[in-house]
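Written below as structure tokens is the structure these notes are about.
The values are calculated or read from the model by the stated rules, or taken from the named source; none is laboratory data. Remember, it's a predicted structure, so these values are computed and weren't measured experimentally. Note that each Cβ is placed from the backbone with ideal geometry, even for glycine, and that neighbours are counted across all protein chains shown. Only protein heavy atoms, including side chains, enter the accessible area calculation; ligands, DNA and RNA are left aside. Shrake-Rupley method; radii C 1.70, N 1.55, O 1.52, S 1.80 Å.
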Amino acid sequence: MKRSTDRILTTHVGSLVRPPELLQAAAEARQSADARERYLTVLGRATADVVARQSQAGIDIVNDGEFGKSSWANYVLDRMSGFEPRPETRYEAVWLGRDRVRFREFMEAEFPRGAVGATGHACVGEIRYTGIEAINQNLSDLKSALRGASVAEGFLTAVAPASTGYDASNEHYTNERDYVFAIATALREEYLAIYRSGLLLQVDDAVLANMYDELTQQSPSRYREWAELRVEALNHALADIPADRVRYHVCFGSWHVPHVADAPLEAVVDLVLRVRAGAYLIEGANVRHEHEWRVWQDVKLPPGKILIPGVVTHHTTTVEHPRLVADRIVRLAKIVGRENIIAGTDCGFAQIEHIQRVHPQVMWAKLEALVEGARIASDELWGRG
């Protein structure tokens, strides 16, 4: 994994806004097998375009925008056996914690699934990975796009066990541990495919932190039990993959909701650092979590590890000033070491294919501000300014 040896490198969390042509082609391919060839052609072209655009913006460590997946997490249910849709069942949005109760009127008006839940899936059989063709297509498209791009490195995202089937129930396995480890064993196939391709593997795990408020209402020990099982399962899935080829992203939810019930970073940071990864991507730019840079004054980043803080956020349309971005970078670099920082984003800009957290023009302006802020910070941290 590249490090910030002579300047602050830049990256982002993963999902970028899909172009309309790709959304249309994906929808048509789901309706008709005859449309699949056109979809794959459009996907390959869109992947090449988004890699080139990231390079032009100055991003150092890039990806495919998650263009080859329908969503950040539930895409994997189409790459596994054992799950079936439950269109008549609504699953409560427990990952919102007490925010769904405290802000019920807001949820009803702005985020209905927070008030009434959403349809989901049930596990009704043995879980096995069936997505080799799909992941190989994603890998091929990204590696092809990277050949013509002037970037430092490429990464591909995959979901974590804790975040798999967050709107799903287990009706097959006799206990929670068997269910979670079955998911992890299946995910391992996707993780290995990414690692063996030569790309960095990024594991996305929003739900690890999102379940904090709901489960601590039962008891603090219940949350720890739930989370520790899933971290253990993730490390099982990552076995034999060198830590310096793995990035681990944990956030507090990309949804544009109040976020009063978010987990405090200090309550989950030890769990995050248990994951066998070389870099940790954590929110640090939005108004609910920016103050948590202070956590790193007390919690020591383990030797050799990299912190990738969010220094621009998907939560607002306002584009961050590069000076503010630089201040956020410098502040953390002085705590954990400049060589241990890569500048990133809080979360993705389009976690589900049809969602836009901000307009594409704003998204690219934010990434450009990220790059310029990293340049300013580099000049200061390396004494060039």
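Out of all the residues in segment 350-385, which are among the aromatic types (Phe, Trp, Tyr) and either touching a Cys at 6+ places or on another chain (Cβ under 6 Å) or closer than 24 Å to Arg331 by Cβ (or both)?
Residue satisfying the conditions is Trp382 alone.
Filtering segment 351-364 to residues that are in contact with an Asp or Glu (Cβ under 9 Å, 6 or more places away or on another chain) and either modelled with pLDDT of 95 or more or of a type in the set (D, E, K, R) (or both) leaves only Glu353. Within segment 152-198, the set of residues being part of a helix (DSSP H, G or I) and hydrophobic (A, V, I, L, M, F, W, C) comprises Ala162, Val180, Phe181, Ala182, Ile183, Ala184, Ala186, Leu187, Leu192, Ala193, Ile194. Scanning segment 119-148 for residues that are in a helix (DSSP H, G or I) and buried (at least 20 other Cβ atoms within 10 Å of the Cβ) gives Ile135, Asn138, Leu139, Asp141, Leu142, Ala145, Leu146. Of the residues that make up segment 65-88, is at least one at pLDDT below 95 and among the acidic types (Asp, Glu)? Yes, segment 65-88 has at least one match.
Could you run through segment 238-265 and say how many residues are in contact (Cβ under 8 Å) with a residue 40 or more places away in the chain, hydrophobic (A, V, I, L, M, F, W, C) and closer than 16 Å to Asp205 by Cβ? Result for segment 238-265: 8. The combined condition, being buried (at least 23 other Cβ atoms within 10 Å of the Cβ) and of a type in the set (A, V, I, L, M, F, W, C), is fulfilled by Val312. Enumerate the pairs (first residue in segment 179-202 and under 11 Å from Ile241 (Cα atoms); second residue anywhere and among the polar types (S, T, N, Q) and open to solvent by 20 Å² or more (accessible area, probe 1.4 Å)) with beta-carbon separation below 8 Å, excluding pairs fewer than 6 apart on the same chain, so at least 6 apart or on different chains. These pairs meet every condition: Ala193/Asn136. Inside segment 4-44, residues that are assigned to a loop (DSSP other than H, G, I, E, B), among the polar types (S, T, N, Q) and surrounded by fewer than 21 Cβ atoms within 10 Å (Cβ to Cβ) make up a count of 2. Quick test for you: out of Val299, Val330, Val325, pick the one residue that is free of Cβ contacts under 8 Å to residues at least 60 places away in the same chain and surrounded by 22 or more Cβ atoms within 10 Å (Cβ to Cβ). It is Val325. For segment 231-249, taking the residues that are in a loop (DSSP other than H, G, I, E, B) and either in contact with a helix residue (DSSP H, G or I) (Cβ under 6 Å, 6 or more places away or on another chain) or of a type in the set (Gly, Ala, Ser) (or both), the one that is nearest to Ile308 (Cα to Cα) is identified as Ile241.
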